[in-house]
Structures are given as C-alpha cells and as structure tokens.
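Student: Take a look at this one; I'll ask things after.
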Amino acid sequence: APDFTLPRVGGGEVSLRDYEGKLLVLDFWATWCSGCVKELPAYQALVDSWDPERVAYLGIALDDSLEQVEAFLKTRPDLKLPMALADERTAQAYLGARRTLPSARVIDGEGMIRYAFSGGEQPARVKAAVEALLREPGSAEPTADTPARAEP
C-alpha cells in the first residue's frame, strides 16, 4: 500500500506506518457524498465490534479542508471514527483519476492492499473481507470482540 502522512481530524498527523501489524480499513469518503455519509454509522458499528489490537479504521475525507470535515463531525456526535484529510498524492495513489466514492481498501498487517471496494454497500463487504483475513493462517485466534466467521 502506498505510504501516506495526512492531517488528522482533532490534530496531529496519521500515517500508514502507525498501523503496522494490524489490518487497516481505509474508507475514502466526503461530507458532500450522500452515499458515503449514509455508510458512516455502519462503519462505526463495525469499529466498535473489532478488536482494536487487530483491526483499525481510518476515514480519509476528500473534502477541501479539515475544517469542513470537523464541522460535519460536530453535527454527528454518534460518530467517533478516526478521520484524516486526503492530499492529492494519496487520493491519486489509492483512487486514481476516477475517484469513485465511497471507496474502501483493506490492508493486511504486512502493508499489502488485499481488498478494494468502490460504490455503495461497502461496510458489509469490508466486514466479510476483514473476517476472511482474520481467519487466514498466521492470524491470531479471534478474541471475544472479533467475529469468528463471515455472515452469508
């Protein structure tokens, strides 16, 4: 997966290196994308169900400014998802020229993009992908907080 260092909502920076050894879900979205906004509560439910030692989520907004994203999130106190603001290089590296939103990437603990999803209904597909990766040989046994199987 292409490396990145991006400004984090709430201050500081976040980079791909911060997630070494964990599965990472990158959710590319924007406040102006109604389909993206509609999926955020489902992602919140997933994040709340995952073992944070094994799986992480990062929303990467394609808005014009961090202030736009922060203002949006203030209207949604139910969302506690970690968020960052995309820069041009990161958007190009992960999404290319088309930039279909919403889009998600699931990156394994070794930094390889294992799944890429574009279009709606992503949380269910991301959930199944994460669960499949957690079942792979070499992955630690699921904890009580980690689903043990993909749902049909």
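Student: Just the number please: accessible area per residue for the chain, 1.4 Å probe, all protein chains included, in Å². Display every interim value, and only then the final one.
Tutor: Numbers: 7710 Å² over 152 residues.
Computed with neighbouring chains in place, this is 51 Å² per residue.
Student: Please report, as a whole percent, how much of the solvent-accessible surface of region 1-97 comes from carbon and sulfur atoms (probe radius 1.4 Å).
Tutor: Answer for region 1-97 is 53 percent, counting heavy atoms of protein chains only.
Student: Sticking with this one: Hey, if we sort ARG17, ARG125, ARG105 by accessible area with the 1.4 Å probe, largest down, what's the order?
Tutor: Accessible-area ranking of ARG17, ARG125, ARG105, largest first: ARG17, ARG125, ARG105.
Student: Can you report the principal axis dimensions of region 11-53 using only the alpha carbons, biggest first, rounded to whole angstrom?
Tutor: Result, largest extent first: 32, 25, 17 Å.
Student: Shifting gears a bit: Quick one: plug the Kirkwood hydrodynamic radius of region 71-112 (C-alpha pairs) into Stokes-Einstein at 37 °C, 0.692 mPa s, and report D in µm²/s.
Tutor: For these conditions, the coefficient is 258 µm²/s.
The values are calculated or read from the model by the stated rules, or taken from the named source; none is laboratory data. Since the structure is predicted, the reported quantities are computational estimates derived from the model, not experimental observations. These accessible areas exclude ligands, DNA and RNA; they are computed on the full protein's heavy atoms, side chains included. Shrake-Rupley method; radii C 1.70, N 1.55, O 1.52, S 1.80 Å.
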